[in-house]
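Data block below; observations after.
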Amino acid sequence: MSAFGAALRSRFGAERVRTEAPLAALTTFKVGGPAEWLVETRSSDDIVTALALARAAGVRVTILGGGSNVLVADAGVRGLVIRPRGGDIARVDDTRVRADAAVTINGLVRWTINHAAAGLEAWAGTPGTVGGAIFGNAHFNGKLIGDLVVEARLVSAEGTVVDVPAVSMAFG
């Protein structure tokens, strides 16, 4: 086992780290080869840690969210594939919530309904994750997700975390 593999397993546990992991089943098109390394993260902090481990080892990183609108080559993906799962949702104030990228849109809608935070009900039934929706500026029933975003917390490959206001994100 490589030092990188040992570091991943030490931090995340063997059950969350796989090598030569088939990716086809993780995409909506059900095609594509394996990931050299695959780790399933459960929080934003996990993602930052996985990025730091990959950077220290000089390993390329690919993020695979919900797997929609993604085609994986038959040859697979070299390096580390990070597959965020779960995540947190929290109320910021009376009119805003913060949701991790791996939270499903449906999960966010349910959370807002259960916590009396109205405004996202029209998005019920929308597939995908918060991160994917923001990345692609998802649309539903004539509305763009970018119109609802105030800011996004981003992390660079170097591990720098920054809050970026929506006006700086070039939603279009």
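Specify which of the listed residues (142, 119) is in contact (Cβ under 8 Å) with a residue 24 or more places away in the chain and surrounded by fewer than 18 Cβ atoms within 10 Å (Cβ to Cβ).
It is 119.
Condition first: free of Cβ contacts under 8 Å to residues at least 40 places away in the same chain and surrounded by 16 or more Cβ atoms within 10 Å (Cβ to Cβ). Now tell me which residues in segment 46-60 satisfy that. 46, 49 - these are the residues of segment 46-60 that are free of Cβ contacts under 8 Å to residues at least 40 places away in the same chain and surrounded by 16 or more Cβ atoms within 10 Å (Cβ to Cβ). Go through the residues of segment 66-89 one by one and say whether even a single one is within 21 Å of residue 147 (Cα to Cα) and in contact with a strand residue (DSSP E or B) (Cβ under 6 Å, 6 or more places away or on another chain). Among the residues of segment 66-89, at least one is within 21 Å of residue 147 (Cα to Cα) and in contact with a strand residue (DSSP E or B) (Cβ under 6 Å, 6 or more places away or on another chain), which makes the answer yes. Residues considered: 172, 86. Of these, the only one that is open to solvent by 30 Å² or more (accessible area, probe 1.4 Å), over 23 Å from residue 23 (Cα atoms), assigned to a loop (DSSP other than H, G, I, E, B) and among the small types (Gly, Ala, Ser) is 172.
Please verify whether residue 109 is of a type in the set (A, V, I, L, M), over 13 Å from the mean Cα position of the chain (by Cα) and open to solvent by 30 Å² or more (accessible area, probe 1.4 Å), treating the condition exactly as stated. No: the conditions fail for residue 109.
Tell me yes or no: at least one residue of segment 151-161 is open to solvent by less than 90 Å² (accessible area, probe 1.4 Å), out of contact with any Pro (no Cβ under 8 Å at 6 or more places or on another chain) and of a type in the set (S, T, N, Q).
Residues of segment 151-161 that are open to solvent by less than 90 Å² (accessible area, probe 1.4 Å), as a first pass: 151-152, 154-157, 159-161.
The next check asks that each one be out of contact with any Pro (no Cβ under 8 Å at 6 or more places or on another chain); those that pass are 152, 154-157, 159-161.
Still in the list and also of a type in the set (S, T, N, Q): 156, 160.
Scanning segment 151-161, I find at least one residue that is open to solvent by less than 90 Å² (accessible area, probe 1.4 Å), out of contact with any Pro (no Cβ under 8 Å at 6 or more places or on another chain) and of a type in the set (S, T, N, Q), so the answer is yes.
Against the test of being under 30 Å from residue 126 (Cβ atoms) and outside any strand (DSSP E or B), the options 38, 71, 80, 53 yield a single qualifying residue, 71.
Within segment 6-34, the set of residues being among the small types (Gly, Ala, Ser), out of contact with any Lys or Arg (no Cβ under 7 Å at 6 or more places or on another chain), part of a helix (DSSP H, G or I) and surrounded by 15 or more Cβ atoms within 10 Å (Cβ to Cβ) comprises just one member, 7. All of 160, 112, 95 fail the test of being within 30 Å of residue 18 (Cα to Cα) and not aromatic (Phe, Trp, Tyr), apart from 160. You will find that of 146, 107, 131, 125, the residue that is in a loop (DSSP other than H, G, I, E, B), out of contact with any strand residue (DSSP E or B) (no Cβ under 6 Å at 6 or more places or on another chain) and of a type outside the set (A, V, I, L, M, F, W, C) is 125 and no other.
The values are calculated or read from the model by the stated rules, or taken from the named source; none is laboratory data. Remember, it's a predicted structure, so these values are computed and weren't measured experimentally. Ideal geometry is used to build each Cβ from the backbone, glycine not excepted, and the neighbour counts take in all protein chains shown. Side chains are part of the model used for accessible areas, which takes the heavy atoms of the whole protein and leaves out ligands, DNA and RNA. Shrake-Rupley method; radii C 1.70, N 1.55, O 1.52, S 1.80 Å.
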